[in-house]
Amino acid sequence: MIQKHQSTAGTSARLGRRLARLAAAAAAITIAATGCTTGAGAGAGAPASGEVSTDTINTVLSADPTSFAPVEVRNADDYMANRLLYSTLVRRDENNKIVSDLASKWDITPTQGTFTIRDGATCSDGTPITASVVADSLKVFASPDSKSSFRPLVLGEGPATVTADESAGTVTVKLAQPWTDLLQGMSLHATGIACPAGLNDPKGLTAGDVAGAFSGPYTLTKKQHGVGYSFTLRDDYKTWPAYETKIEGTPAKTIEASVNANPSAISNELLTGTKDIASIRGKDSTRFEGNQDFSTETIPQGSLYMMFNERPGHPFADPTLRKAVAQALNATAFNQATSGGLGEVYTSFAHPGVPCSSTDTELLIKSDPAAAQKALAGVKIRMVGAQIFGPNGAANTYVAEALRAAGADIELRNVDLATWSTELTQKIDTWDVTVMGGINAGGTMFGALSTVIGTPVEQGGLNWGGLENQPVLDIVAKAMTQTDATERCGTYQEAQKVMIGEAHVVPLASLPAQVTIRSGFAMHTMNGQPDESTMRITK
């Protein structure tokens with residue numbers, strides 16, 4: 001069956017290989033949401049006169065981007081810069097609808113996709129973006145030696161070929177196995193099209209020093225490590241993504257992004273008018289309550305859930321003990337401890353913006369501390385937690401105290417993010433349980449599953465928990481052949497039933513952030529991820 005202009009393509013008999021580089025990406029937390037946040041008081045649309053009171057948007061990066069090469073994106077700050085600098089073949093509109101970016105149309109089968117390149121798109125040095133330009137960039141992404149953590153999520157485990165037909169203006173991607181995430185995957189930041197000037201200078205591309213490398217609406221015109229970055233709108237850029245969602249306002253001629261990870265300082269800058277759009281984490285978000293000069297939206301940075309070390313010799317290879325942990329916890333109390341109740345209690349390990357994420361509360365193991373105590377009394381548990389999950393690791397502290405109340409002999413170590421990810425992926429015999437923070441930048445169900453099924457990290461995969469779980473892999477392989485969305489979601493529901501019902505994961509809550517926008521500005525977020533290229537001036 002061929003699907004025209006929508007759906008996806010692809011599957012894998014063995015999932016999860018060559019995903020080790022995603023371990024670092026999984027440790028990073030990214031902001032997310034659905035809809036548009038528009039500064040209060042500015043009205044819904046652009047000024048009627050067509051004039052705006054400024055041509056600059058001031059925003060914030062929490063850290064310096066690690067790379068400006070699309071295939072090397074790793075975290076939220078990389079994603080932000082990438083969306084301003086590069087175009088992709090397609091984009092995800094609200095409700096996960098695929099819309100045109102550089103591709104005007106597409107034909108998808110389970111094992112390949114053919115994309116027709118739209119007319120009129122150019123690189124930042126004026127080079128026309130032809131089928132060959134697109135194919136050359138995607139070949140770098142698809143290479144077996146690809147530096148992209150996201151390659152397996154987009155193309156599956158096996159080899160992929162990318163070819164261009166200049167006469168037809170098409171690019172064809174052929175896969176080694178069915179993989180129905182191909183089309184959605186082509187909306188990811190990592191598949192952004194780097195122009196020939198950038199491909200010819202890989203080091204310069206990584207550093208952001210190649211002026212002609214960019215295919216998107218902005219160029220990088222100034223950078224100062226640890227201080228800030230300046231992005232300038234291209235005068236010749238006309239090929240904006242074809243969102244059906246109306247994007248209100250006027251694009252800024254300049255976007256100034258300073259580097260600042262301090263939420264109190266960022267809040268002060270917003271309140272004093274020196275910043276226009278920023279994400280606030282923690283208690284500082286409450287400083288904007290009732291302030292009519294700002295609009296705010298609470299969004300999930302990541303999905304928090306219990307993940308177990310299920311390798312032989314560890315206590316949670318025993319499903320009875322995993323179930324007892326679920327019984328010892330209360331998701332509402334966890335949410336209160338982690339974020340003061342600002343987060344959302346989840347019914348799946350995949351956040352609600354992911355297609356097919358379960359909303360069935362009947363899949364959840366019910367809280368039952370008395371039953372938990374019968375199983376956990378005297379059990380020695382080593383817990384390693386990341387301090388970023390709640391104030392001073394409050395999420396981890398709540399879990400440890402709940403397990404201690406159930407009689408477990410628990411040792412908790414709250415550590416920084418880098419230590420946490422290193423210990424869980426490289427010192428696999430030193431921990432038994434953790435609170436996992438899943439970012440799922442790909443926005444797919446396989447992306448959500450990939451840290452808990454498939455090839456373990458010590459064998460080159462992304463599975464931190466260590467149990468390959470072939471029955472769930474088989475379910476995913478079936479889903480990757482299904483082009484009907486309803487049918488595929490039914491299959492993924494089976495996978496979630498196994499993962500949650502057998503307590504391989506225990507869904508808990510979101511880790512929230514607050515997108516805060518000053519009056520006169522706007523930005524859209526789609527399906528759990530912000531799109532910085534939609535930042536607009538509305539005053």
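The values are calculated or read from the model by the stated rules, or taken from the named source; none is laboratory data. Predicted model only: the values in this text are computed from it and were never measured. Cβ sites come from the backbone with ideal geometry, for glycine too, and all protein chains shown count toward neighbours. With ligands, DNA and RNA removed, areas are computed over all heavy atoms of the protein, side chains included. Shrake-Rupley method; radii C 1.70, N 1.55, O 1.52, S 1.80 Å.
Some points to look at:
- Set side by side, the residues Ala418, Ala395, Ala402, Ala477 differ, and just one is open to solvent by 10 Å² or more (accessible area, probe 1.4 Å), under 25 Å from Leu321 (Cα atoms), outside any loop (DSSP other than H, G, I, E, B) and small (Gly, Ala, Ser), which is Ala402.
- Restricting the first member to region 411-430 and to residues that are among the polar types (S, T, N, Q), and the second to residues that are open to solvent by 50 Å² or more (accessible area, probe 1.4 Å) and at pLDDT 95 or above, the beta-carbon pairs closer than 8 Å and six or more apart or on different chains are Asn414/Thr397; Thr430/Arg382.
- Test: residue in region 307-323 that is touching a residue at least 24 places away in the same chain (Cβ under 8 Å) and within 23 Å of the chain's Cα centre (by Cα): yes
- Residue match in region 499-511 (condition: within 21 Å of Pro355 (Cβ to Cβ), hydrophobic (A, V, I, L, M, F, W, C) and surrounded by fewer than 22 Cβ atoms within 10 Å (Cβ to Cβ)): no
- Any hit, region 178-191, residues being among the polar types (S, T, N, Q), in a helix (DSSP H, G or I), modelled with pLDDT under 95 and closer than 26 Å to Tyr237 by Cα: yes
- Of the candidates Gly443, Gly466, the single residue that is touching a residue at least 60 places away in the same chain (Cβ under 8 Å) and within 21 Å of the chain's Cα centre (by Cα) is Gly443.
- Selected residue (criterion: farthest from the chain's Cα centre (by Cα)) from residues of region 114-138 that are among the hydroxyl-bearing types (Ser, Thr, Tyr) and buried (at least 24 other Cβ atoms within 10 Å of the Cβ): Ser124
- Count of residues meeting criterion [in a loop (DSSP other than H, G, I, E, B) and out of contact with any strand residue (DSSP E or B) (no Cβ under 8 Å at 6 or more places or on another chain)] in region 448-466: 3
- Residue in region 70-92 that is nearest to Gly198 (Cα to Cα), counting only those that are small (Gly, Ala, Ser) and part of a helix (DSSP H, G or I): Ala81
- Filtering region 225-278 to residues that are among the aliphatic types (A, V, I, L, M) and within 14 Å of Met523 (Cβ to Cβ) leaves Ile247, Ala252, Ile255, Ala257, Leu270, Ile277, Ala278.
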